[in-house]
Structure formats: C-alpha cells, structure tokens
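These notes concern the structure reproduced below.
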Amino acid sequence: MNFGSGEAMSETSVGSGTGRTYQLGVSQPPLEVTDLPTPEEVWRVPKFGRKEAFKYAVGPSFIALGAAIGSGEWLLGPLSVGKSGFIGIGWILTASILLQALYNIEISRYVIATGEVPIVGFARVPPGRIFWVPFSLLLIFFAYIWGGWAKGAADGLFALVNGRVPTPDDKGAVELFAILLLVAVLAITLGFRRITRGLELINGALVAFQILFLLVLTVAIVPFDVWWEGVRGFVTPAMPPKGSTATELGSLAGFAAILSGFNWILLNHYRDKGYGMGHRVGFLTGMRGERSQVKSSGLTFPDDAKNALSWRRWKRLLYLDQWGVFVVGAFVGMLLPTALMRHLVLTSGRQPTRPTVTTFAADVLGSQYGRWLFYLTLLVGFLILFDTQVGIFEALVRNVTDAVNISPRIQEATGGDLRRFYFAFMVLLLVTIGVVLHFFQPTELIQISANMSNLGAVIYPFVFIYLNKRLPKAARPSKWAYAGLMANVVFFGFFFLNFLVEKLTDKPLVTF
C-alpha cells in the first residue's frame, strides 16, 4: 500500500496494529498503521448522531473562541471601528475569519489523521526537528510572551475592586493583579482530570455569558443604523478609513478570529478531545486525573473503504465544530462589541485609545446609565480578557510540553508522566511573563502579538501542505484547500510586510 509522494509502507512489528508502518517525512519514527477509531468507540456510545455530536464532539472551538474574543473582538476591533466606523474595516474582518477557518481545518486535518499535534508534526518537515521545533517555539514565544491579555484583564480587575479606571500611578497594583490571574490559570489546569475538558467547560460557559450580555446590552441601547452599518461593513469592499495604516489594520486582521498563522498552537485540543487518531495517542491530564501516557509519535490509517468512511465522519464533526460554532461565534463576537463601541463613541464624543480601550466601554456606560452598568461591563470585559489569557498561556505551556515529549531524555526524566514537566514549566513561564509585562501597555503588547501572528501565516501554510499531501488518500486536501492556504499567505503576508517595514523604518509602507 502506498500513501503517495513515493513513500511506501514497511512491514514491522507494531503490536495491535496492522503490522505496518508509514514513514511520513523525516527525523521522526514511522507512523504505525491501524484503523481509525469510530466516534462510538471514542465516546463509548452505541450510536453517534446529532445529539451526541453536540454533546461530545463540539468543544475545541470554544477554547479557540475564548482566546479570540479577548484580543480582536474586545480590544482591537472596537479600537479601530470605534474611531473610524465599519466601512473599509469590516470586510477585512470577514476575510480574516473565513481564511482562518480554512486554515484551522487544514491544521486539524493533520491532527485527526495522525494524532500528532502540529509542533510534533513539524519535526517531520525537512530539514527536520532540529530546525522546526526550536524555530517554531521561538516564534510563538516572541509573539505571545508579552502578557498583554494578562495586563488587560488586570486593568479590568483593578477597576472592579477599586471602582475606578487605573492610572499610571496604579501600575504596580495592576501588575500584581496580572500575576495573580496567571496563578489562577495554573489553578484551573491543576483542578481538572482532563485539562482540555476543563478548558472547554470554562470557555464554553464564559463565551456564552459574554455573548449573552453583549447581545442584551447592544439590542437595548444600540440603534438600528449602527447595526446596519456593522452588517454592511462585513460585506462591503471599500478602501480602509483615511489615515489608517496597514500595520494598524494588520493587527486587527491577525486577531479577528484567533491568531492567524499561529492558530496551530490552540488546535492541539483535537488530539486531547479524542478526534480520530488523537484517541490512540493520549492526552494531558491535570493533577486530579490518572496519568495518561502520551505517545511521542502518532499513527495513521490504511487506505481502504472502512477507514475512508470513518474519516468522512470525523471530517463532518470537524466542520461542525469549525463552521457551525467557531465561525458563527467569531462573527457574532466581533459584531456585538464593535457595534457597542461605535455607538458609545458617537454618543459620548470620546475616543478610545490604546491605554484606555480595556475599560472605555465600562467608563462610558457607567456615566450614561449608572454605576451598576459600569461594574457589570467591567466584569464582562475582565472575563473576556481573562478567558483569552487562559487560552494563550496554557497553549504556550502545552506546546512546549508536546515538543519535549519527543525527546527520550525528557520521557525518562518524567517517568512518562508529562504532568511533571507541564506544571513545572507553567510556573517558570508565569514568573517570566510577570517580569516582561512590567514594561508595556496591554494594547501595545497585543498589537505586537497580532502582527507577529501574521508572520506565521507566511510560513506554516507551506508546512501543512507538505504534511497533508502525504496523508492517506481519503484525508488529503482538495485543490481548493491548497488555494485557501495560499490565500492566507497572501492576505496576512501583506500585513506582516507592512508591519516589518514600519518597525524598521519608522514609516508605514502603506497609508490609506
């Protein structure tokens, strides 16, 4: 049997599998070839229908939405739209969300077909793990170690506790709150038997509460003409607002859905959720759970009718999670806070700025409708940013943990229990971010991260093209999928190029 690209099966002894392996790429052990599990096998139900799909399969998208709403949707989108309106900006948001959904599916395709998370799969791409693993970790840490979400959430928490927006004199107290919130993330991951399941529950509940609050508030106070401007803005191609730069718009595009080119750091959860071959590889457990062995190398499935049918079922579940939950949630999550912010700017005569955008809505609503709404909006804003912080912080720890799992030395040092490394590294990262966030404003930090995310979209689509075209025939992408990946390169690459030129020359390459 041949999976394409000239690479053939080899006969080996691999335990309970088919007795065959498949060498995908370089510098990693061959993938064991065995049958895909069915959804019934994974979630232990006699029949898997629509009810079971929503009960068991939907979930990783909630973790992604939790990370998304706090950056692009609550901060960068309202900052841009509040000042300039929807027209000329909204279509950029639409393009970003749809392109990232296509990209997410290609990332998840590899995870489901092999059970390997992206950072492990990258080790199979020439020149191999000696380059791709440290290079990828370096990029994501340079993009996200700044702690902008922690500091933004801390601004909201400070205002909740003290009844006022923090000033520069409150810098020390805000940083202390930020560190305490990072400790709270550690406590969350410690408290669940399966870390992914805990994050799903927390993110699902928080996202539902956030959207419900924003929906009720915006329906109650935002007039129809602002809603209509927002809807039209999503679908109207128009030049960006006068005076805006591609770098500013790039930060919005980079975080309009999740993390554009670095979305892969948040999609490891399809493995831990048990999608496809992820069920056979294992998952990370919290301290309350029994130790789960996570294989350092994945598996894949034979090219036969039985497994092709199973693959189609898993693909439908992935589409449900991405198109049915993530994309819808991303559009709703962007429209509600941006419409609210636009209305508040128009009625107050004030403009949000980078330092004030985290508490701007609460401050204006409090002055217009009373202190009770000030506190309630602060609470929601805090939860939105904390939700994002949970996703990003845990993703950094998770990806490092998965990366070191391919090292026999680390496996020996941890006794096969990855929790020992996971929680030790989380503490180390907590301390590091606590030091780094001392030096920057939260919105400035997030804009840096967003444009660095666009760099990832220039690099990693090519990596997934290499990996996915070597999957079993049933799992390989279509030509349209390849076109979607290349569209990500062009769209987000344009914004990163402008960001790079502006940082190097102090002059925007493109100003509208």
Inset, instruction - Mind listing whichever residues of segment 196-229 are touching a helix residue (DSSP H, G or I) at 6+ places or on another chain (Cβ under 8 Å) and among the acidic types (Asp, Glu)? - result: Glu200, Glu229
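Just a yes or no: is a residue in segment 243-250 closer than 29 Å to Leu36 by Cα and small (Gly, Ala, Ser)? Please lay out each step first, then the result.
Going through segment 243-250, the residues closer than 29 Å to Leu36 by Cα turn out to be none.
No, the conditions are met nowhere in segment 243-250.
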Legend entry - Tally of residues being under 12 Å from Met287 (Cα atoms) and among the basic types (Lys, Arg) across segment 188-203: 2
Inset, instruction - Output the qualifying pairs, or none if there are none: Cβ atoms under 8 angstrom, residues six or more apart or on different chains, first residue in segment 215-239 and farther than 16 Å from Val332 by Cβ, second residue β-branched (Val, Ile, Thr) and modelled with pLDDT under 95. - result: Glu229/Ile87; Arg232/Ile87; Thr236/Ile87; Ala238/Ile87
Legend entry - Identity of the residue in segment 271-325, among the aromatic types (Phe, Trp, Tyr) and in a helix (DSSP H, G or I), that ends up farthest from Thr21 (Cα to Cα): Trp323
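From the list Thr189, Thr196, exactly one residue is in contact with a Pro (Cβ under 9 Å, 6 or more places away or on another chain) and either part of a helix (DSSP H, G or I) or buried (at least 20 other Cβ atoms within 10 Å of the Cβ) (or both). Which is it?
Working: Thr189 fails: in contact with a Pro (Cβ under 9 Å, 6 or more places away or on another chain).
Just a single option satisfies the conditions, and that option is Thr196.
Of the residues Val161, Val183, Val174, Val216, only one is in contact with an Asp or Glu (Cβ under 7 Å, 6 or more places away or on another chain), modelled with pLDDT of 85 or more and part of a helix (DSSP H, G or I); which?
Numbers: Val161 fails: in contact with an Asp or Glu (Cβ under 7 Å, 6 or more places away or on another chain); Val183 fails: in contact with an Asp or Glu (Cβ under 7 Å, 6 or more places away or on another chain); Val216 fails: in contact with an Asp or Glu (Cβ under 7 Å, 6 or more places away or on another chain).
Being in contact with an Asp or Glu (Cβ under 7 Å, 6 or more places away or on another chain), modelled with pLDDT of 85 or more and part of a helix (DSSP H, G or I) holds for just one of Val161, Val183, Val174, Val216, which is Val174.
Please enumerate the residues belonging to segment 31-47 that are in a loop (DSSP other than H, G, I, E, B) and free of Cβ contacts under 8 Å to residues at least 24 places away in the same chain. Walk me through it before giving the result.
Kept after step one, since they are in a loop (DSSP other than H, G, I, E, B), are these residues of segment 31-47: 34-38, 44-47.
Across segment 31-47, the qualifying residues are Arg44, Val45, Pro46, Lys47.
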Inset, instruction - For segment 308-359, name all the residues that are within 30 Å of Val42 (Cα to Cα) and polar (S, T, N, Q). - result: Ser310, Gln322
Legend entry - Top-ranked residue in segment 297-346 [being surrounded by 21 or more Cβ atoms within 10 Å (Cβ to Cβ) and of a type in the set (Ser, Thr, Tyr); ranked as modelled with the highest pLDDT]: Thr300
Inset, instruction - Tell me, please, whether a residue that is surrounded by fewer than 20 Cβ atoms within 10 Å (Cβ to Cβ) and either in contact with a strand residue (DSSP E or B) (Cβ under 9 Å, 6 or more places away or on another chain) or basic (Lys, Arg) (or both) can be found in segment 213-225. - result: no
Inset, instruction - Check every one of the helices (runs of 4 or more DSSP H) wholly within segment 351-436 and list those with 2 or more residues that are more than 24 Å from Arg271 (Cα to Cα) and either modelled with pLDDT of 85 or more or not hydrophobic (A, V, I, L, M, F, W, C) (or both). - result: 357-369, 371-404, 419-436
Inset, instruction - Take the residues in segment 347-364 that are closer than 14 Å to Leu217 by Cβ and touching a residue at least 24 places away in the same chain (Cβ under 8 Å), then tell me which one is surrounded by the fewest Cβ atoms within 10 Å (Cβ to Cβ). - result: Ala362
Inset, instruction - Filter segment 437-462 down to the residues that are buried (at least 21 other Cβ atoms within 10 Å of the Cβ) and at pLDDT 90 or above, then identify the one that is nearest to Lys503 (Cα to Cα). - result: Leu455
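The values are calculated or read from the model by the stated rules, or taken from the named source; none is laboratory data. On a predicted model such as this, the values are computed, not experimentally measured, just so you know. A quick note on method: Cβ atoms are made from the backbone with ideal geometry, for glycine too, and the neighbour counts reach across all protein chains shown.
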